[in-house]
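The values are calculated or read from the model by the stated rules, or taken from the named source; none is laboratory data. Not measured: the values here are computed from a predicted model. As a convention, Cβ positions derive from the backbone with ideal geometry for all residues, glycine included, and neighbour counts pool all protein chains shown.
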Amino acid sequence: MDIPLLLKAAIMGLVEGLTEFLPISSTGHLILAGTLLGFHDDKAKVFEIAIQTGAILAVIMVYWSKLRATLQNLPHSTEARSFARNVLIGFLPAVVMGLLLGKAIKTHLFTAEVVATTFIVGGLIILWAERRPASMVRVHSVDDMHWRDALKVGLVQCLAMIPGTSRSGATIIGGMLLGLSRKAATDFSFYLAIPTLIGAGAYSLYKERALLSVQDLPMFGVGLLVSFISAWVCVRWLLRFISTHSFELFAWYRIVFGLVVLMTSTMGWVHWGA
């Protein structure tokens with residue numbers, strides 16, 4: 001058993017779990033962590049996709065009561081059908097845009113300059129969103145969302161295809177700017193993550209299936225487990241955090257991290273190419 005490799009897998013799983021659902025972009029953090037660990041070959045890219053599954057399972061567990069109730073009540077509850085419809089509507093734009101533009105974006109936009117810029121600009125947008133008047137909030141719960149709200153958040157989610165944007169950041173802050181409360185935007189972002197990340201992960205793993213082997217199961221297993229545990233802790237912490245705090249802390253973190261990306265690229269410490 002390759003203990004150093006399993007340790008690297010655990011660290012990468014920890015980074016994935018802690019950053020996937022915060023508005024700070026897991027991609028940039030995984031690149032830095034993978035480079036520092038010497039874990040950035042083609043198989044490592046497949047590994048990074050696979051361990052998202054652990055983070056998604058954590059979200060499913062945290063929201064299991066709502067998800068189970070929705071499935072049970074679909075046949076006879078208008079509210080359940082409306083919720084399921086909204087998640088589906090919010091999910092579809094990412095499918096279309098991913099199939100149309102995914103390869104081009106990966107080829108042309110995955111540069112240090114783009115990653116750093118989106119980190120910094122995203123931080124500034126968060127600061128702007130958190131200073132909006134309270135009167136802008138018109139949707140206080142995901143159950144109050146109209147299908148048009150879901151579609152708009154789904155379109156905003158497509159911005160996360162640009163490296164460094166953060167899927168959670170785009171959907172949460174975008175939702176807030178569209179009139180959702182901080183809690184409603186965060187909840188819907190998590191619900192939307194379930195089909196989006198499962199779909200993207202399954203598609204990517206299928207395309208890269210030639211790189212997978214039975215010998216890698218321990219590495220993938222450790223990464224999935226650590227990703228699951230750390231994401232579960234992180235999601236529960238974030239839901240408590242936003243009940244009494246704004247996202248401004250993450251905004252300043254993004255700005256600083258964007259400057260770090262520029263520095264590491266300029267110094268040649270990290271290769272940010274696709």
>> Taking the criterion of being of a type in the set (A, V, I, L, M, F, W, C) and surrounded by fewer than 17 Cβ atoms within 10 Å (Cβ to Cβ), would at least one residue in region 190-203 satisfy it?
In response: yes
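Can K152 be described as without any contact (Cβ under 8 Å) to a residue 24 or more places away in the chain and not polar (S, T, N, Q)?
The answer is no for K152.
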> So how many residues does region 39-95 have that are touching a residue at least 12 places away in the same chain (Cβ under 8 Å) and of a type in the set (S, T, N, Q)?
Replying inline: 5
> If we keep just the residues of region 149-189 that are more than 10 Å from the chain's Cα centre (by Cα) and among the charged types (D, E, K, R), which is surrounded by the fewest Cβ atoms within 10 Å (Cβ to Cβ)?
Replying inline: K183
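Any residue at all in region 83-90 that's assigned to a loop (DSSP other than H, G, I, E, B) and among the basic types (K, R)?
Step one: filter region 83-90 for residues assigned to a loop (DSSP other than H, G, I, E, B), giving none.
No, region 83-90 has no match at all.
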> Which condition number in (1) part of a helix (DSSP H, G or I); (2) touching a helix residue (DSSP H, G or I) at 6+ places or on another chain (Cβ under 7 Å); (3) modelled with pLDDT of 90 or more is the one that E48 fails?
Replying inline: (3)
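To keep it simple, each residue is scored yes or no on (1) more than 18 Å from S25 (Cα to Cα); (2) out of contact with any His (no Cβ under 8 Å at 6 or more places or on another chain); (3) touching a residue at least 24 places away in the same chain (Cβ under 8 Å); (4) surrounded by fewer than 17 Cβ atoms within 10 Å (Cβ to Cβ).
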| site | (1), (2), (3), (4) |
| --- | --- |
| I229 | yes, yes, yes, yes |
| C234 | no, yes, yes, no |
| L238 | no, yes, yes, no |
| T244 | yes, yes, no, yes |
| V256 | no, yes, no, yes |
| L259 | no, yes, yes, yes |
| S265 | no, yes, yes, no |
>> surrounded by 13 or more Cβ atoms within 10 Å (Cβ to Cβ) and either over 19 Å from the mean Cα position of the chain (by Cα) or on the phi < 0 side of the Ramachandran plot (or both): is that true of A134 in this structure?
In response: no
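If I filter region 241-262 for residues that are among the aliphatic types (A, V, I, L, M), modelled with pLDDT under 90, in contact with a Gly (Cβ under 8 Å, 6 or more places away or on another chain) and within 30 Å of E113 (Cα to Cα), do I get at least one hit? Full working, then the answer.
Within region 241-262, the subset among the aliphatic types (A, V, I, L, M) is 242, 249, 251, 255-256, 259-262.
Next, only the ones that are modelled with pLDDT under 90 stay: 260-262.
Now restrict to residues that are in contact with a Gly (Cβ under 8 Å, 6 or more places away or on another chain): 261.
Still in the list and also within 30 Å of E113 (Cα to Cα): 261.
The answer is yes, given that some residue of region 241-262 is among the aliphatic types (A, V, I, L, M), modelled with pLDDT under 90, in contact with a Gly (Cβ under 8 Å, 6 or more places away or on another chain) and within 30 Å of E113 (Cα to Cα).
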